[in-house]
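**Student:** The structure that follows is given in the form of structure tokens.
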Amino acid sequence: MSDEGQSDRIEQLIGALRDDNEALRDHAISSLSQMGEEAVSPLIGLMADEDVLIREAATVAVVRIGPSVVDRLIEALTDDEWAIREQAASGLGKLKDPRGVEPLVQALKDKDGAVRTAAVWALERIGDARAVPGLVEALTDNTVREDVARVLKKIGDTRAVDALIDGLLGNNWMVRRHAAEALGKIGDVRGVGPLIESLKDEDWLVRRNAAESLARLGAKQAIDPLLPLLEDENTMVQETVEGVLTSLGWKQK
């Protein structure tokens, strides 16, 4: 196919992405992905479309082209259009290419919350510990801190311990839930004292997660603070604490 014919074909397929027929849209995505590099620029441009379905379809098509698009998506993270930056972050997450880690960490500071959220999601997909310092810094961002806590829990790096302790003792219940679980997973003894303190948290899942984490840490000093939770108002907390106490060697008198 000539260059002109290729361009016309790409234009036709991009037009088909706007069709109401889902099967036709899927065919267009598949065909565009087979066009390779020729289709990347127009598809990235389409990521700014006012219709979110069109933006996402363009991203899917770019991702299907494969690892060769990573540099173009990294470049798109600095585009003037927030929607292009958001979709570029999403695309890098779908590709799970480690080259995207540092640019995505920079995107955690983007002025647009949707871009920052997409960057966190992408870093979770990639799961690279190099992202930990940037994620720890993002724990102060009200827009993404709940997602960030979840990702830090998943990565499980000791560099996050101090920040997770701060989150555990903070005022966001969702962050506290993730932090209580993460500190047990990471396995650092610095978490023991704050986790014992969190056994009195007003949120039942924080209390339960803290108890489970203390078991993972083998914290026998938590036995006495755990005992009152045998009569917790939440039955799931009661049942969890029974198991935790047993694992720590406590025997009912």
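The values are calculated or read from the model by the stated rules, or taken from the named source; none is laboratory data. Keep in mind that this is a model prediction, so the values were computed, not measured. Ideal geometry is used to build each Cβ from the backbone, glycine not excepted, and the neighbour counts take in all protein chains shown. Just so you know, the surface numbers come from the protein's heavy atoms only, side chains and all, with ligands and any DNA or RNA stripped out. Shrake-Rupley method; radii C 1.70, N 1.55, O 1.52, S 1.80 Å.
**Student:** Among rounded, prolate and oblate, which fits the stretch 75-137 when a ≥ b ≥ c are the square roots of the eigenvalues of its C-alpha gyration tensor, a/c under 1.5 means rounded, and a/b larger than b/c means prolate?
**Tutor:** It comes out oblate by the Cα gyration axes.
**Student:** Separate question: Below 8 Å, C-alpha to C-alpha, sequence gap of six or more: please give me the relative contact order for the stretch 153-253 in percent.
**Tutor:** So the answer I get is 22 percent.
**Student:** Among (i) 7, 26, 27, 20, 13, 7, 1, 0; (ii) 8, 26, 23, 17, 14, 9, 3, 1, 0; (iii) 6, 24, 33, 28, 8, 1, find the value of P(r) over Cα pairs in 10 Å bins from 0, in percent that was calculated from the structure presented, and write down its label.
**Tutor:** Label of the calculated value: (ii).
**Student:** Could you give the accessible area per residue of the chain, probe 1.4 Å, as a whole number in Å²?
**Tutor:** 50
**Student:** Can you send over the carbon and sulfur percentage of the accessible area for the chain, probe radius 1.4 Å, protein chains only?
**Tutor:** 46
**Student:** Then there is this: Could you work out the relative contact order of the stretch 78-181, using alpha carbon pairs under 8 angstrom and six or more residues apart, expressed as a whole percent?
**Tutor:** Computed over the stretch 78-181, the figure is 21 percent.
**Student:** Helix 3-16 versus the longest principal axis of the chain: what angle, 0 to 90°, nearest 10, using Cα atoms?
**Tutor:** Around 50 degrees separate the two axes.
**Student:** Averaging sequence separations of C-alpha pairs under 8 Å and six or more residues apart, then dividing by the length of the stretch 195-242, give the relative contact order as a whole percent.
**Tutor:** Computed over the stretch 195-242, the figure is 37 percent.
**Student:** By the gyration tensor of its Cα atoms, with a ≥ b ≥ c the square roots of the eigenvalues, what is the shape of the stretch 1-137: rounded for a/c under 1.5, prolate for a/b over b/c, or oblate?
**Tutor:** Prolate is the answer for the stretch 1-137, as a/c is 1.5 or above and a/b outweighs b/c.
**Student:** Using just the helices of the chain, give the 222 nm mean residue ellipticity in deg cm²/dmol: DSSP H runs with n ≥ 4 each add -39,500 (n - 2.57), and the total is spread over all residues, rounded to 500.
**Tutor:** Using -39500 (n - 2.57) per qualifying helix, the result is -19500 deg cm²/dmol.
**Student:** Hey, another quick one. Let a ≥ b ≥ c be the square roots of the eigenvalues of the Cα gyration tensor of the stretch 58-175; is it rounded (a/c under 1.5), or, if not, prolate (a/b larger than b/c) or oblate?
**Tutor:** Prolate.
**Student:** Also, I was wondering about something else. Within the stretch 152-253, how many Lys pairs sit with Cα atoms under 21 Å apart, leaving out pairs fewer than 8 places apart on the same chain?
**Tutor:** 7
**Student:** Whole angstrom only: what separates the Cα centroid of the stretch 123-137 from the Cα centroid of the stretch 157-197?
**Tutor:** If we compute the Cα centre of each part, the gap is 17 Å.
**Student:** Any chance you could check the Cα centroid distance between the stretch 7-44 and the stretch 67-83 for me, in angstrom?
**Tutor:** Answer, in whole Å: 18.
**Student:** Turning to a different aspect of this structure: Taking the Cα-to-Cβ direction at Asp203 and at Gln238 and moving 7 Å from each Cα, how far apart do the two end points lie in nm?
**Tutor:** 2.4
**Student:** Taking the Cα atoms only, what angle lies between the long axis of helix 235-247 and the longest principal axis of the chain, rounded to 10 degrees?
**Tutor:** So the inclination is approximately 70 degrees.
**Student:** Can you tell me which of 183-194, 204-215 comes out highest on packing, and rank the rest after it, using the mean Cβ neighbours within 10 Å?
**Tutor:** 204-215, 183-194
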